[in-house]
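J.: Okay, handing you the structure first.
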Amino acid sequence: MAAVVCGVAVGALGYQWATADDFPDAGAQAAFCRTASPLDLQTAHDMGLHEKHHVLEDLSDRAPDGVRDDFTRLLDWYDHFDPEDEEGARAASFTVGEFIERSCSDINIGGIKAADG
């Protein structure tokens, strides 16, 4: 039932799930993944919030349109922590992390297990 409600809500909002296929070419995807590599679980713990913010800004510029709004929502929350926006920011964070993991097979964001398919 929840999946149906979620599906209807997603359909009503016109949400488009971005996939790795949405990059204009393999070079754009490779550049995106190089930019995302500092966010890998093995190295991200060495980064400060300011550094992560810059990586996310750069990724947002390289991201396909279908996920760009989620990057924007997450970056806005980094800029203006507001408890009222936390739920939306968490959802955006998960979407961004899953997109990165799906697009960049060598990157593990942590706390996200991108399902195949």
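Each reported figure results from applying straightforward, stated rules to the coordinates on display, with no laboratory input. Here the structure is a predicted model, which means the values were calculated and not measured. No Cβ is skipped: glycine too gets one built from the backbone with ideal geometry, and neighbour counts run over all protein chains shown.
J.: Would you mind getting me the FRET efficiency between ALA31 and GLU84? Use the beta-carbon distance for r and R0 = 41 Å, nearest 0.05.
T.: Efficiency at R0 = 41 Å is approximately 0.70.
J.: May I pose another question? Sort 85-92, 43-50 by packing, meaning the average of other beta carbons within 10 Å per residue, with the highest value first.
T.: Final packing ranking: 85-92, 43-50.
J.: Next up: Report ³J(HN,Hα) in whole Hz for each residue of the range 92-102, in order, from the Karplus equation J = 6.51 cos²θ - 1.76 cosθ + 1.60 where θ = phi - 60°; Gly and Pro get x.
T.: 5, 4, 5, 4, 4, x, 5, 4, 4, 4, 5
J.: Let me ask something else. Under 1.5 on a/c is rounded, so check that first for the range 18-103, then, if it is not, pick prolate when a/b is larger than b/c and oblate when it is not; a ≥ b ≥ c are the square roots of the alpha carbon gyration tensor eigenvalues.
T.: oblate
J.: Mind giving me the nanometre distance, one decimal, between the label points for HIS53 and THR72, set 7 Å out from Cα along Cα→Cβ?
T.: The two pseudo-label positions are separated by 1.9 nm.
J.: Calculate one ³J(HN,Hα) per residue across the range 63-68 by plugging θ = phi - 60° into the Karplus curve 6.51 cos²θ - 1.76 cosθ + 1.60, and present them in order as whole Hz with x for glycine and proline.
T.: With coefficients 6.51, -1.76 and 1.60, one gets 6, x, 3, x, 10, 4 Hz.
J.: Work out from phi, with θ = phi - 60° and the Karplus expression 6.51 cos²θ - 1.76 cosθ + 1.60, the ³J(HN,Hα) of each residue of the range 30-39, listed in order in whole Hz, and give x for Gly and Pro.
T.: 4, 5, 4, 5, 4, 5, 6, 4, x, 7
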